[in-house]
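The values are calculated or read from the model by the stated rules, or taken from the named source; none is laboratory data. Just so you know, these numbers come straight off a predicted model, no measurement behind them. Because the Cβ atoms are built from the backbone with ideal geometry, glycine has one as well, and the counts that use them run over all protein chains shown.
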Amino acid sequence: MPENITNATARAADLIRRNIGGISASRGNGRTSSGPLSMPDPTGILAHLGITGPSGTTGRNGVAAQVTSTTYGARATKTAAGETRHLTYTGNAGTRSYDLYLPTGYTGQRLPLVVMLHGGTQNAADFAVGTGMNHLAEQHNFLVAYPEQSRSANQAGYWNWFRPEDQRHGTGEPAVIAGITAQVSTDHSVDERRVYVAGLSAGGAMAAVMAATYPKVYSASGIHSGLGYRAATDMPGAFAAMKSGGTPAAGGTVPLIVFHGERDSTVAPINAERIVEARLAGQRRDRVRTTVTHGTDGGRTHTRTVYTDAEQQTVLAESWIVQGAGHAWFGGNPAGSYTDPQGPDASAEMIRFFLSQERRRPS
């Protein structure tokens, strides 16, 4: 490893270790408060530095937050409603397993596809349970793909959202995720105008990468408790961006919906503001109409801000800041890790937003 990278890594590791108390203060956000003290690492920085919590770290209600990855092959497992297939994609940029949910209403007709990117210490199955996205797929009739990070790419299974080689079109993890999307579209009947990507934390940061690097593939993006595109380009910068929001690059033209907890002490809520700013970069500010509403859902107060192109009457971005909420998927199933059963229902709102966005066919 080059000396400058080694030194930067050592400084970052030392900074983290000296701030363990502050990091561990967030353990109640999507974690149980009992048991041994451990450091939550949903964005994968600690794992890259070799600083990991005990393997017995648990999520809400004692559900294991770190789930061993499994190579599935091509077998299929029937669920209570639709069908979950455990599949593998291999391309020039690498190989990844993924789960694909086919709703009972799918009979070969062209349907929307939602690509879900899990967060730290999660896998595809855990994320499906926690977000409840398969139940929404039954209600609204769409396919759901859950790419799963491999332990060979990251020892704890985090998407490498802050590495330059994983922030570009055609290379690294973006190419793999886009390849999975293309494989599902080839093997099944997918409406190419209605393909969406969403994620939590590290997965949310990678969803921002996908929106910026593959705008011709995804019609909208959902970022829950995540970071903006290129908010960091190395490990020390990533750790800093989790607290400061960093300085993301322009987020592209894909409409996005953002959720963030006002008390998120793992990825600071300023990141939501930075994500929206990056999306609006390049827009004529005199054409952006902003609508702010306040409400209470599931016992929590939230502020919803919608940014619309006043001339074209199209939504550019929608932001939800939830008071009193931490680093967890809102309205989620407590059987999954990093979930908060209190509202608003992030999954339902994302699907409402996604299905209102349709990418135009090339003229």
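Kindly indicate which of 319, 265 is in contact with a Gly (Cβ under 9 Å, 6 or more places away or on another chain), among the small types (Gly, Ala, Ser), closer than 24 Å to residue 122 by Cβ and at pLDDT 95 or above.
Numbers: 319 fails: in contact with a Gly (Cβ under 9 Å, 6 or more places away or on another chain).
From the options 319, 265, the qualifying one is 265.
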Examine region 82-102 for a residue that is over 21 Å from residue 242 (Cα atoms), modelled with pLDDT of 50 or more, out of contact with any Ser or Thr (no Cβ under 8 Å at 6 or more places or on another chain) and hydroxyl-bearing (Ser, Thr, Tyr), and state whether such a residue exists.
yes
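Would you pick out the residues in region 101-117 that are part of a loop (DSSP other than H, G, I, E, B) and either charged (D, E, K, R) or surrounded by 12 or more Cβ atoms within 10 Å (Cβ to Cβ) (or both)? So that I can check it myself, show each step before the final result.
The first filter runs over region 101-117 and keeps only residues part of a loop (DSSP other than H, G, I, E, B), leaving 103-110.
The answer is 103, 104, 105, 106, 110.
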Yes or no: residue 352 closer than 18 Å to residue 142 by Cα, surrounded by fewer than 23 Cβ atoms within 10 Å (Cβ to Cβ) and modelled with pLDDT of 95 or more?
yes
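Residue by residue, here is whether (1) buried (at least 19 other Cβ atoms within 10 Å of the Cβ); (2) at pLDDT below 95 holds:
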{"position": "286", "(1), (2)": "no, yes"}
{"position": "290", "(1), (2)": "no, no"}
{"position": "297", "(1), (2)": "no, yes"}
{"position": "300", "(1), (2)": "yes, yes"}
{"position": "313", "(1), (2)": "no, yes"}
{"position": "328", "(1), (2)": "yes, no"}
{"position": "331", "(1), (2)": "yes, no"}
{"position": "340", "(1), (2)": "yes, no"}
Subset of region 312-363, residues within 24 Å of residue 192 (Cβ to Cβ) and part of a loop (DSSP other than H, G, I, E, B), comes to 312, 313, 355, 356, 357, 358, 359, 360, 361, 362, 363
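When you go through 172, 157 one by one, which is the residue that is closer than 19 Å to residue 227 by Cα and modelled with pLDDT under 95?
Numbers: 172 fails: modelled with pLDDT under 95.
Checking each option against the conditions leaves just 157.
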Please work out if residue 359 is more than 24 Å from residue 270 (Cα to Cα), modelled with pLDDT of 95 or more and of a type outside the set (A, V, I, L, M).
no
Taking only pairs six or more apart or across chains, which ones have beta-carbon atoms under 8 Å, a first residue in region 91-102 that is over 13 Å from residue 151 (Cβ atoms) and without any contact (Cβ under 8 Å) to a residue 40 or more places away in the chain, and a second residue that is among the aromatic types (Phe, Trp, Tyr) and outside any strand (DSSP E or B)?
none
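If a residue has to be small (Gly, Ala, Ser) and in a strand (DSSP E or B) to count, how many in region 138-153 make the cut? Break it down stepwise before answering.
Step one: list which residues in region 138-153 are small (Gly, Ala, Ser), which gives 145, 150, 152-153.
Going one step further and asking which of them are in a strand (DSSP E or B), we end up with 145.
Counting residues in region 138-153 that are small (Gly, Ala, Ser) and in a strand (DSSP E or B) gives 1.
With the structure loaded, tell me whether residue 275 is at pLDDT 95 or above, assigned to a helix (DSSP H, G or I) and not basic (Lys, Arg) or whether it fails that test. Quick ask: steps written out before the conclusion?
On the way: at pLDDT 95 or above: yes; assigned to a helix (DSSP H, G or I): yes; not basic (Lys, Arg): yes.
Here the answer is yes, as residue 275 does meet what is asked.
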Restricting the first residue to region 111-139 and requiring it to be within 15 Å of residue 349 (Cβ to Cβ), which pairs with a second residue that is among the hydroxyl-bearing types (Ser, Thr, Tyr) and not in a strand (DSSP E or B) meet a Cβ separation below 7 Å and a spacing of at least six or different chains?
116/131; 131/347; 132/347; 133/347; 136/347
What's the total number of residues in region 154-198 that are surrounded by fewer than 24 Cβ atoms within 10 Å (Cβ to Cβ), acidic (Asp, Glu) and part of a helix (DSSP H, G or I)?
3
From the list 240, 231, 268, exactly one residue is among the hydrophobic types (A, V, I, L, M, F, W, C), over 29 Å from residue 113 (Cβ atoms) and in a loop (DSSP other than H, G, I, E, B). Which is it?
268
Can you tell which of 311, 349 is of a type in the set (D, E, K, R) and touching a Lys or Arg at 6+ places or on another chain (Cβ under 6 Å)?
311
